[in-house]
Every structure is written in structure tokens, then in C-alpha cells.
Amino acid sequence: MQVLRTDDVIVAISTPAGRSARGILRLTGPAAIATCARLFWPADGQGLAAQGAWQTIPGRLQLRTDLAVPAVAVLFLPPRSYTGQPLVEMHVAGAPVLLEMALRACMAAGARLAEAGEFTARAFLTGRMDLLSAEAVAERIAAKSDAQLVAAQQLAGGALAERARAATQELADLLSLVEAGIDFADEPIEFIDAESLGGRLAALQADLEDLMARSLDMQRLEALPRVALAGPPNAGKSRLLNRLTGLDRSICSPIPGTTRDVLSAVMDTPAGQVLLLDGPGLGEAQNDIDQMAQDAWRDLLGRVDLVLLVLPADLLYHDEIDHGPVGQVVAGRPHLLVANKSDLLDASGLAALAARLAVRPAKPVHMISAATGAGCEALRQAIAVAGGPGNSGEGRIVLTARHSQALQAGLEAIAAAGRERPAELIALHLREAMGHLGQITGAVTTEDLLNRVFSKFCIGK
Ligand SMILES: Nc1nc2c(ncn2[C@@H]2O[C@H](COP(=O)(O)OP(=O)(O)OP(=O)(O)O)[C@@H](O)[C@H]2O)c(=O)[nH]1
Ligand SMILES: [Mg+2]
């Protein structure tokens, strides 16, 4: 990995592999324009270096001595370029062979093939971007769901960087006080007494612990939020799964106990996709296998993001919700109440049910019919609000695995500093903590750290 070099010119194809209307090559480095000037001929006959930046320059790209193709170049000049260095984009027809030839021509002109993430690494090394924003670029490209995209945006937003920087600053202040104490040990002045040092370390520790507690793991977002359909046998859970996903995934039948294994299907909501899970009806087990299936399902229900408690409207009594075997599963967990089979009730039946439910505290009951689809779109909206992807990240601070490791290590070092008496040892742990926290924003960098961060990128970014 050569990401720490910034003095040469690197090149990469920055459009995805395969055919497309246009393919783009990007070159960056101090001599990027001079390198391109060896193979790109502007149509106006002037040299490339004489062209204006941030505008399209039509011309021809020399692939071989005997072959030139129409192309368009765009020059970006520092500081307003992605990498903070001169950057050239060359747009050609998006044919893989042509792009390969163009890439080789650039290399023959003196450019080196860029490594994964090297463009963004340069943006970081030239001070154009901080490390967290650079990581956000990688996460944004890798995002598989809109939740991850939002999270990547938040990573770049700087909430984490701000907290990490404030903590590092406080550590630096404490360190200078402790070190002054060491330097002037013979003088009768005290720079910081043990009590206020202890207090400030404890406050710092509490602040970072709070940060950890409110943090949301980027990896966790990789999975879609899980929404489970729980309820007694025959409530219509399987038919509802089919209705909400538009698939014919789950077997439904009037025989209770139809579903045994847990099934899942992706469902769209206005806030993004969720994974809808269907499992066995909960209630008195008919036999051992039934019991095992229910136990496994209950276990899983404890770990999903949202439970839809599905009950048959025609048999619904409110104490079933609060005290039934199924009601207990959702106690204290995020859930929505769903009364299915509303089509089986006539107007007076519905009114009677509404009256029965009205004695319950505020939680609304979604009246739906998996058979006719009545109420299902409103339920989809409610799922988006209660358990949808947009919701899970709100007010949270996004961390990647690298950040939580650094935070954890920083916290341990701060705790160790709080336990020490000799000033030299306190200073040692404080410096260690600063090192860990500084890695979050990139204030402290090592080649190893940069390699880890930028190797996650794709080539061309
Ligand atoms: N009228 C009517 N019947 C429904 C509705 N939803 C489901 N049913 C019927 O109720 C019966 C049970 O439906 P399922 O979807 O298999 O019920 P389940 O909750 O998955 O049942 P288990 O897997 O046995 O726990 C089937 O005959 C369905 O066609 C509905 O909204 N209205
Ligand atoms: Mg079922």
C-alpha cells in the first residue's frame, strides 16, 4: 500500500465495470495536468495547460500512436478539487476495452495505477478532508440501505469528531498540568490537586461512556431492521406477511399451527426496507416439536426491532393483549397492536370491538384485514415510523468498529490514569488515552491506521 505517497500522479477508472454511455478516468497528483497533456489534445488547438478549469474541454485522447478517440476533459484545481491536488477527469465512451486502453495510455504517460481509496486518502493527506469524512465516503459507497446512507452522512456531519476532539483537548489540558507538576516538583506550587484531577477524569470518562451508550454501530445497520409478526395460532400472521410483502411466501390455512419454522421476506416501507418475520403461533403447545418451535421463536422475538402483535379481531378481548401468553412477549418491547380479519365483523361488531378496546390505555389498535387489504397501507406507515430504518439512527452517534475500539481503549487508559498516584504514570496513561482518541479524528495517524481505513475503499475513489 502506497497511500502515504502524494507526490506522484495516480490514475483509475472511476466508473463501474461494464458498458455504459460514458466512462470516466481520473488522474490526480502535482503533475496530473502535465501527464494528461501528453495524450489529450484539446479541439481548440491550445495545450491542455492553457485551458480553464471546471469546464468541459472537448478534444481527442491518444490511445496509441495510430489511434485517437473523441473525449472530453475537465480540469479541477486545488483547493477546489476532490483530492486537494490538480485533478483531471477524462470522459470517453463507456466501452470496457476503450477504458482499459486509455488507462494503459495514462500509465505509459507516467501515471501509476491508484490503489483502493487512494483519491480519498490524498484528500485526507492534503488536509482537504478529516479522517471521519473520508471514512464516510467509503461507508456511503458501501451503503446497502438508505439507513446506512443516512448514517454515513451523519458520520461526515462531525458529531463524533466534535466529541472526540473535545475529549482530546481536555486530556491535553490535564496532561500539561500533570507534566508541569513533574517539571516543578521542587517548587511549592501545585498545578492540579489529586481531587480535581480525579473529578475531571471521572467527568471525561462519564462523557465518553455516554457517547458509547448512544452510539449506533455501523455494522448493525448492515442488516435490515427486523419486524416480527407474533400472535396466537390462526390469527392470520402468515397471510399478513404475504399481503405486506406482495409475495406468496408463507403457507396459510385454517388449521392452527400451520407455520412452524421462521420465515422472512423483505417489505418496503416509506422509510426504507425492513425484514418481516413470520413464526409459529404462540399459545399452548400441542407437542414437543411445537414447544421447541415456540421457544426458538420467543427467543428471536426478544431480539427483533419491532413486534407486530397480531390478534384476530373476531375473537379479540383486551385482556388478551395485556395478559395473554402473546401479550407478555411484547411487554416492554417496541410493538404495534394489530387486529386482523376486520372483514369478519360488521359495523356493529366493529363498534363493539372499538368500545371494548377503548378501556385500554392509549396504545392504538390497527384494524386491518389481510384478506381484503383494508388498513394494510396505514399499518405499513406505522411500521415505518415505529421500526423503520430512519428511526433507528435518530439522535444516535454513528460509529464504525474502528471508532468503538479506539473509544474503548481510550476509556480504559483514562480509567487507568484515575487509579494511579505517581504523576509520571498518570501522564503516561493520559498520553496513551490521547493517542487512542486522536485516532478517531485522524489527529494521530499511523501508516497502519491509514491502511486500515483506506483499504476498505474501492479503486477509483
Ligand atoms: N376472513 C379473513 N380470513 C383471514 C384473514 N387473515 C387470515 N385469514 C384466514 O385465517 C386462517 C389462518 O391464517 P394464517 O395466515 O395461516 O394464520 P397464522 O396466524 O399464520 O396461523 P399459524 O401459522 O397456524 O399460527 C386462514 O384460513 C386464512 O385464510 C383476514 O384478514 N380475513
Ligand atoms: Mg402461519
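Would you point out the residue of the range 353-376, among those that are loosely packed, with under 12 Cβ neighbours inside 10 Å and outside any loop (DSSP other than H, G, I, E, B), that is modelled with the lowest pLDDT? Looking at the filtered set, the residue picked out is Ala358. Only one of the listed residues (Ala167, Ala172) is part of a helix (DSSP H, G or I), farther than 16 Å from Leu449 by Cβ, touching a residue at least 40 places away in the same chain (Cβ under 8 Å) and touching a Gly at 6+ places or on another chain (Cβ under 9 Å). That residue is Ala167. Filter the range 241-262 down to residues that are in contact (Cβ under 8 Å) with a residue 24 or more places away in the chain, surrounded by 17 or more Cβ atoms within 10 Å (Cβ to Cβ) and hydrophobic (A, V, I, L, M, F, W, C) and give me whichever is farthest from ligand 1 (Cβ to nearest atom). Out of the qualifying residues, it is Leu244.
With respect to the stated conditions, Gly231 is surrounded by 15 or more Cβ atoms within 10 Å (Cβ to Cβ) and within 8 Å of ligand 1 (Cβ to nearest atom).
Evaluate the following for Val150: is it of a type in the set (Val, Ile, Thr) and without any contact (Cβ under 8 Å) to a residue 60 or more places away in the chain? For Val150, the condition - of a type in the set (Val, Ile, Thr) and without any contact (Cβ under 8 Å) to a residue 60 or more places away in the chain - is not met. Of everything in the range 263-306 that is exposed (fewer than 15 other Cβ atoms within 10 Å of the Cβ) and in a loop (DSSP other than H, G, I, E, B), the residue that is farthest from ligand 1 (Cβ to nearest atom) is Pro270.
The values are calculated or read from the model by the stated rules, or taken from the named source; none is laboratory data. Remember, it's a predicted structure, so these values are computed and weren't measured experimentally. Cβ atoms come from the backbone with ideal geometry, glycine included; neighbour counts cover every protein chain shown.
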